[in-house]
Amino acid sequence: DAEITQSPRHKITETGRQVTLACHQTWNHNNMFWYRQDLGHGLRLIHYSYGVQDTNKGEVSDGYSVSRSNTEDLPLTLESAASSQTSVYFCASSESWASGTTGELFFGEGSRLTVL
Amino acid sequence: AQSVAQPEDQVNVAEGNPLTVKCTYSVSGNPYLFWYVQYPNRGLQFLLKYITGDNLVKGSYGFEAEFNKSQTSFHLKKPSALVSDSALYFCAVRDILTGGGNKLTFGTGTQLKVEL
């Protein structure tokens, strides 16, 4: 069965360190998204991609970067981790609008990041 | 800009009673509306969506939602709640005018607690 997997599921790091969260999907979806989930804020979009070599900033992109070198993967990098980036991060994917679908997102299980 | 509001942080209901989780939206054009559910330590799962047509949409696990354009609402309902329905529920919207990519904006979530 197709799936979307995130790794690591849990990570503790220190302020100032670089951290990369992996996201891999086997749905062959063009669209991929990174959200962060925080109490009182729900899910907020960090970055998204509509295809290989395409990346776009979401509403809370400062301090984060992504790259899309193939269809399956969209790694999220925190260049210099800050305590404010302690959160649960979710990767999601969907088919493109051009395929005629209506936009359901398929989510990974999440990566819990703690920055000390 | 598109947005959704979930006015209740928590909803408590007795098992067997009907439940309603509220959502209102704001978009420039016509909306695509979604409900997702999140169980503890899991990713979000798609429940149902409104695209066009019948204002009453049926989804997974006996849930349904009613689209009301005049009130810009999309409330989630279930005729008879189960303890296993206890979870975090998210409303989401996509503005058709934004074009391709299926970028969704999520609400802050409503915690549903069903008690015996």
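The values are calculated or read from the model by the stated rules, or taken from the named source; none is laboratory data. Note that the coordinates shown come from a computational prediction; the quantities given were computed from them, not determined experimentally. Counting neighbours? That spans all protein chains shown, and the Cβs are built from the backbone with ideal geometry, glycine included. Areas reflect the complete protein model, heavy atoms only, side chains present, ligands, DNA and RNA absent. Shrake-Rupley method; radii C 1.70, N 1.55, O 1.52, S 1.80 Å.
Give B:S26, B:S86, B:S73, B:S80 a once-over and let me know the one that is within 13 Å of the chain's Cα centre (by Cα), surrounded by fewer than 20 Cβ atoms within 10 Å (Cβ to Cβ) and away from chain A (no Cβ under 14 Å). First the steps, then the outcome.
Details: B:S26 fails: within 13 Å of the chain's Cα centre (by Cα); B:S86 fails: within 13 Å of the chain's Cα centre (by Cα); B:S80 fails: within 13 Å of the chain's Cα centre (by Cα).
Step by step, each of B:S26, B:S86, B:S73, B:S80 is checked, and only B:S73 is within 13 Å of the chain's Cα centre (by Cα), surrounded by fewer than 20 Cβ atoms within 10 Å (Cβ to Cβ) and away from chain A (no Cβ under 14 Å).
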If I filter region B:36-48 for residues that are more than 14 Å from chain A (Cβ to nearest Cβ), assigned to a loop (DSSP other than H, G, I, E, B) and touching a Phe, Trp or Tyr at 6+ places or on another chain (Cβ under 9 Å), do I get at least one hit?
no
Region A:1-45, residues that are part of a strand (DSSP E or B) and at positive phi:
A:G42
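I'd like to know if region B:97-107 contains one or more residues that are facing another protein chain (nearest Cβ under 9 Å), part of a strand (DSSP E or B) and among the β-branched types (V, I, T).
The first filter runs over region B:97-107 and keeps only residues facing another protein chain (nearest Cβ under 9 Å), leaving B:99-107.
Subset that is part of a strand (DSSP E or B): B:105-106.
Then drop every residue that is not among the β-branched types (V, I, T), which leaves B:105.
Checking region B:97-107: at least one residue is facing another protein chain (nearest Cβ under 9 Å), part of a strand (DSSP E or B) and among the β-branched types (V, I, T).
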Cβ pairs under 9 Å, 6+ apart, first in region B:1-19 and more than 24 Å from B:F106 (Cα to Cα) and assigned to a strand (DSSP E or B), second among the acidic types (D, E) and at pLDDT 95 or above:
B:A14/B:E115
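Can A:S80 be described as over 19 Å from B:P40 (Cβ atoms) and open to solvent by less than 10 Å² (accessible area, probe 1.4 Å)? Walk me through it before giving the result.
Details: over 19 Å from B:P40 (Cβ atoms): yes; open to solvent by less than 10 Å² (accessible area, probe 1.4 Å): no.
Spelling it out, it is not the case that A:S80 is over 19 Å from B:P40 (Cβ atoms) and open to solvent by less than 10 Å² (accessible area, probe 1.4 Å).
What strands (runs of 3 or more DSSP E) completely inside region A:49-116 contain at least 2 residues that are free of Cβ contacts under 8 Å to residues at least 12 places away in the same chain? Write out each step before concluding.
Numbers: elements: A:54-57, A:64-66, A:76-78, A:87-94, A:111-115.
Because the criterion is at least 2 residues that are free of Cβ contacts under 8 Å to residues at least 12 places away in the same chain, the strands (runs of 3 or more DSSP E) in region A:49-116 that meet it are A:54-57.
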Residue under question is A:E59, and the condition is that it be open to solvent by 50 Å² or more (accessible area, probe 1.4 Å), within 22 Å of B:G109 (Cβ to Cβ) and within 13 Å of chain B (Cβ to nearest Cβ); does it hold?
yes
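Only one of these is more than 14 Å from the chain's Cα centre (by Cα) and crowded, with 17+ Cβ neighbours inside 10 Å: B:G43, B:G53, B:G59. Name it.
Being more than 14 Å from the chain's Cα centre (by Cα) and crowded, with 17+ Cβ neighbours inside 10 Å holds for just one of B:G43, B:G53, B:G59, which is B:G43.
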Residues of region A:8-56 being small (G, A, S) and surrounded by fewer than 16 Cβ atoms within 10 Å (Cβ to Cβ), in sequence order, are A:G16, A:A22, A:G40, A:G51
Taking A:V88 and the conditions (1) farther than 23 Å from A:E14 by Cα; (2) within 14 Å of another protein chain (Cβ to nearest Cβ), which numbered condition does it fall short on, given that it satisfies the others?
(1)
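How about region B:73-93: which of its residues are under 22 Å from A:G40 (Cα atoms) and outside any strand (DSSP E or B)?
Applying the first criterion (under 22 Å from A:G40 (Cα atoms)) to region B:73-93 yields B:73-76, B:85-93.
The answer is B:D85, B:S86.
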